[in-house]
Amino acid sequence: MKKMFLTLLIMVFGAGAANAMSVEKIIERANEASYYKGDDGRAKVKMKIVDSQDRERERQFTILRKNTANQSQRFYVYFERPSDVKKMSFLVYKYVKGDDDRWMYLPSLDLVKRISAGDQRTSFVGSHFYYEDVSGRNPNADVHTLVDTDDTYYVVESKPKDQKSVEFSKYKTWIHKLSFLPIRTVYYDSKGQEYRTYTATKVETVKGYPTVVAAEMKDDVIGGKTILTYENVSYDVGLPDDIFTERYLKKAPTQYLK
Amino acid sequence: MKHIIFLFTFFMTSYAMAAVPALPMGLDDSSSSFSSDSFEDSVWDNFEFDSFLDVRAGTRLYDQDLQSDTSLAEVRLQTGVSYEGDLLSANLVADFIYDDVDRDMDQNFQTGTGSIDLREANFSFTPFDFMDVKIGRQVLTWGVGDMVFINDLFPKDWNAFFIGRDVEYLKAPSDAIKMSLFSSVANLDLVYMPRHDASRYIDGRRISYYDAMTQSESNTVVDAMRQTDDEFTLRLYQSVGSVELAAYYFDGFWKEPEGFDIVAGKAMYPALRVYGLSMRSPFGPGILSSEFGYYDSLDDAHGTDPLIRNSESRFLLGYEQEAAQNFTVGVQYYTEIMDHYTGYQLSSDPTGYIKDHVREMWTLRLTYLAMNQNLILSLFNYYSPTDKDGYIRPKVTYKQSDNLQFEVGGNIFFGETQILPSGTEAQPTFWGQFENASNAFVAVRYTF
């Protein structure tokens, strides 16, 4: 009986006390595990977008990423499906401080269009994922609190510093203790109701990095969900810097897209 | 006490079961080895085929006698094949068209008339790490204007744009050799066109225009004499931080027949040289862009030849930003300042329309995405406060599925009727002359 009580005590209070890691450190590790693996990375992304009436749409693109100084990153996205966006490419220079630089290439017009940074919480290619979900939300945009820890997860609650810039009032993330991968994120509206849930459904270890290779985002406000899979994932590919320039925006760097 | 603890434990456990996510596949006990997709090498892997079928129909909005009331009635099949090899890539894109408005036109690969429009037929290779070469028929674009072109002297298809074809047809293809050189100091694009590449201009065949000779709207087909000499253009560009800078040079001919050969009695394309600069940069929450070009009309150096368009300076300042989620607003100011205006005034027909020294124009672009970005509402508007005329392009696009898309749009021109010194009433201004071409259209596109 005493033993059981003790176990319970440890279950309830012990985890927090035993855990030396600060919530900032957890978030930092989770951010690295999600968005910064290796010096660079590549993945073929497939999205199945299911709308509120169960109609399905497909997106397929290859994404190349390279980490640069000061936690900045460059992304190159080459669209393969559907056919009306095929061969379009998209270039993003992401900075930790300040707005992204973004360019889009429309091959039928041979047009390199510069796009204003815009709202990060806008749908990415019509899916339930936001730009921010794909490239990472700035950890400094929220105040994080470690609300629970169990054998498997750190549970972190995050509240936006600037409430007006986002549609949620808070979100809660279950971060896997060993891999630091966020396995589930639940977003709450201003009334405290859950309305949007991210779930990692499959993880594989690629070049030593645990990697989410299947996930879904469900959004009750928009209705429906998007199922995302990553294929052909690789890290430390050795992407040259000039891949992330106008030259390759216009001429797909085939050898790195395969 | 025992019961309380039991209940408490039960409560905790069930709470945990409801809220704690299950471990995803790969993080649970099952093995987590990574299996990459196996690709079977086949020579066909290097080929890609893309096609669409596009059906569109349009009608004129005003009663008029010079043109068919049906502005658009066509079925278009675009087929494309591309090859990506290690040493070479190649592209072939051709449109097969049944055009019910323009049935009798002869096949012409330059002007794009007839039942085949060859959009692309080119190959490209990288002879050195610092060089790309693309040879053949290709669509070329540069400059920072949105539907306003200063240093982009590649051919346009104004008919396609005005009657409501897809916007990609605004760009007519060039037959060219393009060489691109890359370095850390700057990048250079050199484009050589062995033969003058003219725009598919408004020639009266499909859209009537203001004819200065008759001082009235005319559908007399302008059969301009195309130049046979070559053209050359370059762009030198580099980014400094987030700011993109470019310099341009063009040596060739006007893209529209801006001259008249009195001996041949035909419209022609006078010689033209253009020097220009552009800048594009983030500014506040949006993108600021600016472009300048000096058009040196070599065959009319003093502006005294009434049959050849004068030299002029062109300047553009634009700003675009996301004004709200999924809603983008873009504004541009554009101006053309004629050189040797006195020469123009003195040599022009005193009874006819005399252009202003300075032509100013504003453009406004509004784009709103709705229904998971499957519904696109867009409006592009040109308005000239100096000519008091304009051109409105509203369009609604709905993507029914990944393959099927519907479109409804319009091309609405407006201007003021003027009383010319001769006493004739006319609409001679840049946009105003096309008022009777105003149209509305519907389209369906199926991609496969």
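Brief remarks on what is shown
- If only residues of segment B:307-330 that are on the phi < 0 side of the Ramachandran plot and part of a loop (DSSP other than H, G, I, E, B) are counted, the one that is nearest to the other protein chains (Cβ to nearest Cβ) is B:Gln325.
- Scanning segment A:31-55 for residues that are within 12 Å of chain B (Cβ to nearest Cβ), of a type in the set (D, E, K, R) and either in contact with a Gly (Cβ under 7 Å, 6 or more places away or on another chain) or farther than 19 Å from A:Val85 by Cβ (or both) returns A:Arg42, A:Asp51.
- B:Leu53 being within 14 Å of chain A (Cβ to nearest Cβ) and part of a loop (DSSP other than H, G, I, E, B): no
- Test: A:Pro160 is over 30 Å from B:Gln405 (Cβ atoms), at pLDDT below 95 and in contact with a helix residue (DSSP H, G or I) (Cβ under 8 Å, 6 or more places away or on another chain): no
- Of the residues screened, B:Thr214 is not one that is in a loop (DSSP other than H, G, I, E, B) and under 30 Å from B:Val329 (Cβ atoms).
- Scan of segment B:21-69 for residues that are at pLDDT below 65 and either surrounded by 15 or more Cβ atoms within 10 Å (Cβ to Cβ) or aromatic (Phe, Trp, Tyr) (or both), ordered by number: B:Ser32, B:Phe34, B:Phe39
- Residue, surrounded by the most Cβ atoms within 10 Å (Cβ to Cβ), within segment B:150-193, restricted to residues that are small (Gly, Ala, Ser) and more than 11 Å from the chain's Cα centre (by Cα): B:Gly164
- Answer residue from segment B:381-401, given it is crowded, with 19+ Cβ neighbours inside 10 Å and in contact (Cβ under 8 Å) with a residue 24 or more places away in the chain and is farthest from B:Trp362 (Cα to Cα) among those: B:Lys399
- Positions within segment A:56-114 being facing another protein chain (nearest Cβ under 9 Å), buried (at least 18 other Cβ atoms within 10 Å of the Cβ), outside any loop (DSSP other than H, G, I, E, B) and not charged (D, E, K, R), in sequence order: A:Leu111, A:Val112
- Whichever residue in segment B:287-338 is free of Cβ contacts under 8 Å to residues at least 24 places away in the same chain and under 30 Å from A:Ser123 (Cβ atoms) and, among such residues, is nearest to the chain's Cα centre (by Cα): B:Ala323
- Set A:Thr201, A:Thr197: member being at the interface with chain B (Cβ under 8 Å from one of its Cβ atoms) and surrounded by fewer than 20 Cβ atoms within 10 Å (Cβ to Cβ): A:Thr201
- Candidates B:Ile376, B:Ile354, B:Ile337, filtered to the one that is aliphatic (A, V, I, L, M) and outside any strand (DSSP E or B): B:Ile354
- Residue match in segment B:77-91 (condition: of a type outside the set (Ser, Thr, Tyr), without any contact (Cβ under 8 Å) to a residue 40 or more places away in the chain and more than 30 Å from A:Tyr256 (Cα to Cα)): yes
- Condition check for A:Ile222 on (1) at the interface with chain B (Cβ under 8 Å from one of its Cβ atoms); (2) assigned to a strand (DSSP E or B); (3) among the aliphatic types (A, V, I, L, M): one failure, at (2).
Quick grid of which residues meet (1) of a type in the set (A, V, I, L, M); (2) in a strand (DSSP E or B):
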| position | (1), (2) |
| --- | --- |
| B:Asp229 | no, no |
| B:Arg235 | no, yes |
| B:Gln238 | no, yes |
| B:Tyr249 | no, yes |
| B:Leu272 | yes, yes |
| B:Ser278 | no, yes |
| B:Ser290 | no, yes |
| B:Tyr294 | no, yes |
| B:Asp299 | no, no |
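- Evaluation of A:Asn232 against the conditions (1) more than 10 Å from every other protein chain (Cβ to nearest Cβ); (2) in a strand (DSSP E or B); (3) not aliphatic (A, V, I, L, M) shows that the sole unmet condition is (1).
- The condition of being hydroxyl-bearing (Ser, Thr, Tyr) and within 14 Å of another protein chain (Cβ to nearest Cβ) holds for only one of B:Tyr333, B:Tyr368, that being B:Tyr368.
- Odd one out for B:Glu120 among (1) without any contact (Cβ under 8 Å) to a residue 60 or more places away in the chain; (2) assigned to a loop (DSSP other than H, G, I, E, B): (2)
- Here B:Phe96 passes the criteria (1) assigned to a strand (DSSP E or B); (2) within 14 Å of chain A (Cβ to nearest Cβ) except the one numbered (2).
- Residue match in segment B:157-179 (condition: within 23 Å of A:Phe244 (Cβ to Cβ) and assigned to a loop (DSSP other than H, G, I, E, B)): no
- On the stretch given as segment B:73-93, residues that are touching a Ser or Thr at 6+ places or on another chain (Cβ under 8 Å) and either at pLDDT 95 or above or not in a loop (DSSP other than H, G, I, E, B) (or both) total 12.
- Qualifying residue in segment B:76-90 (condition: over 30 Å from B:Trp44 (Cβ atoms), touching a strand residue (DSSP E or B) at 6+ places or on another chain (Cβ under 7 Å) and crowded, with 18+ Cβ neighbours inside 10 Å): no
- For first residues located in segment B:32-55 and within 17 Å of B:Ala90 (Cβ to Cβ), partners that are among the charged types (D, E, K, R) and modelled with pLDDT of 50 or more and lie 6+ apart or on another chain with Cβ distances below 6 Å form the pairs B:Asn46/B:Glu84.
- Of the residues making up segment A:63-115, just one is under 18 Å from A:Pro240 (Cβ atoms), among the β-branched types (Val, Ile, Thr) and more than 17 Å from the chain's Cα centre (by Cα), namely A:Thr68.
- Restricting attention to segment B:222-257, the residues that are touching a Pro at 6+ places or on another chain (Cβ under 7 Å) and within 14 Å of chain A (Cβ to nearest Cβ) total 1.
The values are calculated or read from the model by the stated rules, or taken from the named source; none is laboratory data. On a predicted model such as this, the values are computed, not experimentally measured, just so you know. Reconstructed Cβ throughout: ideal geometry from the backbone, glycine too, with neighbour counts over all protein chains shown.
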